[in-house]
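For reference, the structure discussed in these notes is given below.
The values are calculated or read from the model by the stated rules, or taken from the named source; none is laboratory data. Keep in mind it's a predicted model, so treat the numbers as computed, not measured. All Cβ positions, even for glycine, are placed from backbone atoms using ideal geometry, and neighbour counts span all protein chains on display. Each accessible area value is taken on the protein alone, full model and side chains, heavy atoms only, with ligands, DNA and RNA left out. Shrake-Rupley method; radii C 1.70, N 1.55, O 1.52, S 1.80 Å.
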Amino acid sequence: MAEASRIFQTTLMPSLSQSLSIRKPCSQTMITQRKTSPAIIRCTISTSSSDTAKATTSQPIPWGCEIDSLENAAALQKWLTDSGLPPQKMDIRKVDVGERGLVATNNIRKGEKILFVPPSLVISANSEWSFPEAGEVLKRYDVPDWPLIATYLISEASLMKSSRWSNYISALPRQPYSLLYWTRAELDRYLEASQIRERAIERINNVTGTYNDLRDRIFSKHPNLFPEEIFNMETFRWSFGILFSRLVRLPSLDGRVALVPWADMLNHSCDVETFLDYDKSTKGVVFTTDRPYLPGEQVFISYGRKSNGELLLSYGFVPRQGTNPRDSVELPLSLKKSDKCYQEKVEALKKNGLSASQCFPLQVTGWPLELMAYAYLAVSPPSMIGKFEEMAAAASNKNSNNKEIRYPELEEQAFQFILDSCESSISKYTKFLQASGSMDLDITSPKQLNRKVFLKQLAVDLCNSEQRILFRAQYILRRQLRDMKKGELKALKLFDSITKFFK
């Protein structure tokens, strides 16, 4: 749910200045709008590490709190209540799943609407700035919602107590759990077997590119509004880390994105289907419970139908193996360059927005029709060149009218092609998991040890869950091929017996 379409942020370039000057707002401000996001969740192991660069140590963000801290929770709740949040049936407490979460203080019924966060307590692209001139400049340049909200968050955070949002920002983690804080070396080392590594690198590059674009196009031209000691790579990494883990889309508000200060303390559960939305009748952000809660029980929402890899990518946690019914693994498939029709197949794929190398999601329950269509194309002989366009179109998920295509004469080869790719991926996971038991962490300080152990455990949890899906696909494919060969053998025996009879 909080996974929004655009991505921006930085990776291993810590550049926070030692001192952030406190800016005085030109005018006090009232925020006016919508959009919210689910709370951030942790994984099976907790850590308080903060070292992220190999050769350099990042300066700590001067606002926020430790990720598991309750030090500012009481002040946040009081401020929200004073600012119009109705009485709640939940409190912020330390919890087993997520470190901080909302826990029921009263009985909550199944099907009950709760929260009712008013629009005035929601941060969106329409929120008013303490420095109105800064907001006007960004809107004049048509900055999209994500980088605009990220910049807004930094601007308000830098004001400390002078910002209307100070109680909210002081309760945000100084360093969110996010792959944005992994170094390239850590991604290469711990996620070498998973396709999530490529997506993490892409996300980091997009974030870095977005910051560089804002700096070159806007910030450098308005240094009085966007001083570099405040608006730099490190603060943008923080703000985008917050957005990836807390920003949500509200379907009833045309899918607009927003931060919702009370609701984003809710943690994710794979067993829950309910999500945040704007309720027009009560004019507040709510969610409807899909199960009852007793006092003392943690209340959960869904962050969306995401795989374990996607949850790690945006939120920095991996659910326990076998608990996520929407888990999937990206299976890479590639055309062989030795194929006599390689160029023609590449052209057909390009016409449909695909390339010679593609990834398709595998689930325990099966794989998409697009994957099978791609496999047909990969194994099709030159005599079927007239069908390449049809196969490539069916392999593209951009065509919503796709129907299943079948080529019985290619089925066995297509299954074998998918099986070979599956087994190639399995061998990478096996190699990593075997090596992880004896992986030299090369650590000198306890803080770094905590971090490295934490990252390693996340990677092991992810690889185990993804390999499990691959093993399941391998079993199905092998059985399918075995049955096909048995059928062929029976047909051959029948043919031989008929031949002998006529002889």
Practice problem: Report, by residue number, each residue of region 322-333 that is assigned to a strand (DSSP E or B) and open to solvent by less than 50 Å² (accessible area, probe 1.4 Å). | Solution: SER328, VAL329, LEU331, PRO332, LEU333
Practice problem: Kindly check whether there is at least one residue in region 443-455 that is at pLDDT 65 or above and among the small types (Gly, Ala, Ser). | Solution: no
Quiz item: Just a yes or no: is a residue in region 341-362 part of a loop (DSSP other than H, G, I, E, B), open to solvent by 20 Å² or more (accessible area, probe 1.4 Å), free of Cβ contacts under 8 Å to residues at least 12 places away in the same chain and touching a Pro at 6+ places or on another chain (Cβ under 9 Å)?
Solution: no
Quiz prompt | Where LEU481 falls short, out of the listed (1) open to solvent by less than 30 Å² (accessible area, probe 1.4 Å); (2) under 28 Å from GLU310 (Cβ atoms); (3) at pLDDT 90 or above | solution = (2)
Exercise. Could you list all residues from region 298-310 that are more than 16 Å from LEU187 (Cβ to Cβ) and out of contact with any Gly (no Cβ under 9 Å at 6 or more places or on another chain)?
Key: ILE301, SER302, TYR303, GLY304, ARG305, LYS306, SER307, ASN308
Self-check item: Residues located in region 354-377, provided they are under 12 Å from ALA473 (Cβ atoms) and of a type in the set (Ser, Thr, Tyr)
Solution: THR365
Quiz item: Looking only at region 363-390, which residues are surrounded by fewer than 19 Cβ atoms within 10 Å (Cβ to Cβ), over 27 Å from the mean Cα position of the chain (by Cα) and of a type outside the set (A, V, I, L, M)?
Solution: PRO381, PRO382, SER383, GLY386, LYS387, GLU389, GLU390
Self-check item: Matching residues in region 305-344 - criterion: being more than 24 Å from PHE244 (Cβ to Cβ) and among the aromatic types (Phe, Trp, Tyr)
Solution: TYR342
Practice problem: Take region 56-85 and flag every residue that is of a type in the set (D, E, K, R) and either within 24 Å of the chain's Cα centre (by Cα) or at pLDDT 85 or above (or both). | Solution: GLU66, ASP68, LYS78, ASP82
Quiz item: Is it true that ILE242 is over 27 Å from ASN308 (Cα atoms) and at pLDDT 95 or above?
Solution: no
